[in-house]
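Okay, structure first, notes after.
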Amino acid sequence: MSQIYYLIRSRADGRYLVAHPQIATEATKKDGYLLMFREDFDALSYLNTHGADVAEQFAVESVAGSQVKSLLQRWGFVGVGIVQDPLLPKVDFLTHF
């Protein structure tokens, strides 16, 4: 069975929420890391904690782990940022998924 991940997507333009780490290279500044959550409530907690004033402009959607690689290629992301703790936030960045 495939792992399900949850993504945050703009209702206005359909773009995904991405991270640009402080140790960014030119590639990561441009393309970024797709933020992914292991649970839908973690994604909602992240939105409510760090973007409460704009939370209604975003939606949480699910994606199967088997689809992540093609999603990264299609949108041109550098890798993924798996959010371990949405309140701090603590994020593990991976360039190969």
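Once you keep just the Cα pairs under 8 angstrom separated by 6 or more residues, what percentage relative contact order results for the chain?
Value for the chain: 34 percent.
Calculated from DSSP H runs of 4 or more alone, at -39500 (n - 2.57) each and per residue, what is the 222 nm mean residue ellipticity of the chain, nearest 500?
After summing the helix terms and dividing by residue count, I get -7000 deg cm²/dmol.
Of the listed values (i) 80; (ii) 38; (iii) 43, identify the label whose number matches percent of Cα pairs over 18 Å apart calculated from this model.
Computed from the coordinates, percent of Cα pairs over 18 Å apart corresponds to (iii).
Take the alpha carbon gyration tensor of the range 38-82, find the square roots of its eigenvalues, order them as a ≥ b ≥ c, and report rounded if a/c is under 1.5; if not, report prolate when a/b exceeds b/c, else oblate.
prolate
Taken together, the values in this text are just the output of simple stated rules run on the coordinates, not laboratory data. Given the structure is predicted, the values throughout are model-derived calculations rather than measurements.
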